[in-house]
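The values are calculated or read from the model by the stated rules, or taken from the named source; none is laboratory data. As the structure is a prediction and not an experimental result, all values here were calculated from the model. When we count neighbours, we look across all protein chains shown, and the Cβ atoms used for this are built from the backbone with ideal geometry, even at glycine.
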Amino acid sequence: MAADSDWTNPPAAGPPSAGEAETIGSAWGRRLLIGAVLSWFAILILVPGAALARQALGGGLAAMFAALNQPEVYRAFILSLWITAAATILNTIFGVALALVLVRQRFWGRALLDGVVDMPFAISPIIAGLMLVVLYGPDSALGGWLEDRGIQVVYAAPGMVLATMFVTLPFVTRELVPVLRELGEEYEQAAHTLGAGRWRTFWSVTLPSIRWGVAYGVTLTIARGLGEFGAVLVVSGNIIGRTQTATLYIADGVESFHPEGAYAASMVLAAVSFCLLVGMDLIRRRLDRGKGGQS
Amino acid sequence: MTTAPRPKTETIHRQVDPYNGNSRGAWLSSPVSRGEETGVGIEVRGLSKRYGSFQAVKDVSFEVAAGQLVALLGPSGSGKSTILRTIAGLETADSGSVLLTGEDATALPVQRRGVGFVFQHYALFRHMTVRDNVGFGLKIRKEPRREIRRRVDELLDLIQLSGHADRYPTQLSGGQRQRVALARALAPRPKVLLLDEPFGALDAKVRDELRMWLRKLHDEVHVTSLFVTHDQREAFEVSDQIVVLADGQVQQIGAPQALYERPVNPFVARFLGNINVLPLSSLRTGSTGRGPASWFKTPPTAEAQAYVRPHDLDVFAERNGKPYWPARVERITPLGGLIRLDLRIGVEHALQIEVPHDQAIGVGFAPGDEVYVTPRHLNVYDRDHANFQPVDVNRAITQSWQAGAGI
């Protein structure tokens with residue numbers, strides 16, 4: 001295979017003079033394009049980011065830490081972490097299973113399921129939250145039934161986890177479907193012929209082969225889960241200290257009397273997102289490298 | 001179009017092998033005798049498989065004698081891979097059964113069939129080293145770590161990759177990967193070894209080497225092996241027996257040379273090596289007066305065709321009394337030890353002949369020469385009667401003379 005590409009793709013040794021002339025001719029056009037793209041990027045992302053940083057750090061680092069050093073900020077962040085962790089773990093397990101079913105199984109309604117998986121991408125998170133309130137709210141039959149048994153879903157952590165799961169449902173699955181498809185079934189079949197059962201094959205062969213895809217999907221899920229606002233807003237009731245997540249705290253802070261806290265919390269969330277972004281990039285590289293070798 | 005023999009079980013007779021008992025014992029040290037009791041390694045009975053409206057396999061039956069290396073040969077779409085995968089348990093047949101070393105395996109899941117399977121694209125686990133790949137099947141069987149190590153070392157030695165134990169599959173060449181795949185399949189001491197186009201993904205030179213290597217390996221290892229190929233040369237070089245398939249049906253089973261010399265139908269004749277197809281009616285009788293019409297009890301119809309191998313034809317500058325086709329030399333191609341003559345009969349029938357180099361020198365033809373082509377051996381295909389009959393021309397003439405003299 002390597003040998004094939006060697007001779008099918010001869011080194012691009014075109015006439016050098018012509019190539020240079022072309023580059024020189026369009027050099028100004030290219031610079032203009034690059035400049036335009038960079039300016040656009042700066043206007044949309046860098047400048048607002050810098051403005052936030054300036055606002056948050058306006059009173060100095062000490063003031064920012066003081067703003068963060070509040071019990072409700074701690075609780076909001078810890079709640080965000082817990083909800084994201086729970087939603088990520090559940091969605092990873094379910095997402096891997098869903099991807100395997102979509103790629104490996106043939107059944108009636110598969111195409112429909114394949115399409116519906118993407119629905120959370122299209123539906124506004126607020127609507128997702130509303131669906132959960134309608135289904136599990138205290139006025140609904142199911143919600144009432146659960147409440148009689150001491151289980152509160154809406155305006156409590158379970159509802160917030162459900163809302164986050166709804167919103168982040170497609171990430172792991174969408175990342176894995178193409179990876180699994182490209183992988184094919186031969187590796188699993190090879191493991192079967194060597195005596196490995198389904199479970200053993202999944203742990204020893206399938207999962208190691210798709211691990212970078214899973215990691216990428218998980219990272220996306222975490223990033224989305226931490227930043228989720230709309231769906232959680234509807235189901236949480238935004239009870240300070242009880243159902244207030246980091247994003248809800250920020251929203252609250254902006255419209256009420258402690259904007260310093262909101263700025264500081266935003267800085268933390270933005271920093272976490274940046275770290276996740278770098279992590280995703282590293283994973284993406286591993287993923288592409290994994291695809292390189294056919295074996 | 002093609003006439004398949006009635007699908008009944010045809011036994012592939014085991015070749016007498018003086019080493020069989022002993023060397024097999026050394027290889028499959030533990031439970032060896034299973035295959036020996038029946039002498040049949042793989043038996044397929046009445047296998048059928050349909051994909052939607054496409055009948056991939058139609059009532060296929062054959063046997064592979066224990067310790068043999070057999071090829072399933074056929075063009076693409078002939079159902080050969082489906083049969084192999086059904087034997088492995090990777091696919092289920094609509095009907096029919098699979099017996100491995102005498103035991104019915106039809107209902108067994110793939111994990112419990114005890115088959116080694118080698119895939120065309122190797123399917124090596126890329127997150128595992130060569131050692132872990134080869135040892136995978138043993139680890140599944142929970143063999144002691146020391147035993148796994150010993151066995152893997154033994155196999156790496158066998159495939160001549162001892163120095164590569166800690167490499168990953170991506171660090172190996174295609175040929176090396178396929179050898180690792182083979183070692184991995186052999187490690188748990190399978191009852192039978194199944195290979196699906198094992199050399200298909202390799203380039204020509206590596207393929208040739210690996211073929212010879214597989215043949216040698218099989219001579220040492222003697223595990224009952226069935227491999228799928230569409231390349232008749234590969235089947236000829238490697239296998240003890242060949243099962244020829246077309247349209248999901250067995251066409252013929254036999255030793256390579258037997259298939260080549262005595263094909264039972266036009267498909268097999270055309271698929272295995274070059275063959276000339278000429279109208280029998282254009283064969284002139286010659287001065288013996290004993291033409292095709294006198295060779296058979298019922299004379300062939302006007303549409304009957306003669307199937308003649310290039311080396312079963314003689315070329316003469318003059319008539320010598322035997323039946324002949326008048327032809328004209330179009331091209332002469334020296335091929336080392338052989339010379340190939342491209343001839344033409346009339347306008348529409350091209351004809352290819354191979355003559356040994358030394359004979360050709362004496363003949364001294366040139367393009368454009370009128371020549372006489374005499375068959376020594378041919379097969380007559382009569383579509384109307386759907387029969388395909390071999391004819392030894394000289395003997396047919398003699399017999400026809402004797403019969404004629406008796407009247």
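Residues of the range B:341-389 that are under 24 Å from the mean Cα position of the chain (by Cα) and loosely packed, with under 15 Cβ neighbours inside 10 Å: B:Ala386 alone. I'd like to check which helices (runs of 4 or more DSSP H) are fully inside the range A:161-233 and have at least 1 residues that are more than 14 Å from chain B (Cβ to nearest Cβ), touching a residue at least 12 places away in the same chain (Cβ under 8 Å) and farther than 23 Å from B:Val110 by Cα. Of the helices (runs of 4 or more DSSP H) lying wholly inside the range A:161-233, those with at least 1 residues that are more than 14 Å from chain B (Cβ to nearest Cβ), touching a residue at least 12 places away in the same chain (Cβ under 8 Å) and farther than 23 Å from B:Val110 by Cα span A:207-227.
Could you check, for the range B:126-147, whether at least one of its residues is under 25 Å from the mean Cα position of the chain (by Cα) and facing chain A (nearest Cβ under 8 Å)? No, because not a single residue in the range B:126-147 is under 25 Å from the mean Cα position of the chain (by Cα) and facing chain A (nearest Cβ under 8 Å).
Of the residues B:Arg167, B:Arg131, B:Arg145, B:Arg112, which single one is over 20 Å from A:Tyr187 (Cβ atoms) and basic (Lys, Arg)? Full working, then the answer.
On the way: B:Arg167 fails: over 20 Å from A:Tyr187 (Cβ atoms); B:Arg131 fails: over 20 Å from A:Tyr187 (Cβ atoms); B:Arg112 fails: over 20 Å from A:Tyr187 (Cβ atoms).
From the options B:Arg167, B:Arg131, B:Arg145, B:Arg112, the qualifying one is B:Arg145.
Scan the range A:48-72 for residues that are aliphatic (A, V, I, L, M) and surrounded by 11 or more Cβ atoms within 10 Å (Cβ to Cβ) and jot them down. Within the range A:48-72, A:Ala50, A:Leu52, A:Ala53, A:Ala56, A:Leu57, A:Ala63, A:Met64, A:Ala66, A:Ala67, A:Leu68 meet the criteria. Cβ-Cβ distances below 8 Å connect the following pairs, each with a first residue in the range A:107-129 that is closer than 21 Å to A:Val232 by Cα, a second residue that is surrounded by 11 or more Cβ atoms within 10 Å (Cβ to Cβ) and of a type in the set (Asp, Glu), and a separation of six or more residues or different chains: A:Pro125/A:Glu228.
B:Ala302 fulfils the conditions (1) without any contact (Cβ under 8 Å) to a residue 12 or more places away in the chain; (2) among the aliphatic types (A, V, I, L, M); (3) in a loop (DSSP other than H, G, I, E, B) except for a single criterion, (1).
For B:Gly337, indicate whether it is at pLDDT below 85 and at positive phi. Full working, then the answer.
Working: at pLDDT below 85: yes; at positive phi: no.
No, not satisfied.
Scanning the range B:173-181 for residues that are surrounded by fewer than 23 Cβ atoms within 10 Å (Cβ to Cβ), within 13 Å of chain A (Cβ to nearest Cβ) and of a type in the set (Val, Ile, Thr) turns up nothing.
Matching residues to (1) out of contact with any Pro (no Cβ under 6 Å at 6 or more places or on another chain); (2) surrounded by 14 or more Cβ atoms within 10 Å (Cβ to Cβ); (3) among the hydrophobic types (A, V, I, L, M, F, W, C):
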residue	(1), (2), (3)
A:Met131	yes, yes, yes
A:Ala141	yes, no, yes
A:Asp148	yes, no, no
A:Val154	yes, yes, yes
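In this structure, is A:Ile89 in the same structural domain as A:Val272 (by TED's automatic domain parsing), out of contact with any helix residue (DSSP H, G or I) (no Cβ under 7 Å at 6 or more places or on another chain) and of a type outside the set (Gly, Ala, Ser)? Yes; evaluated as a whole, the condition is true for this residue.
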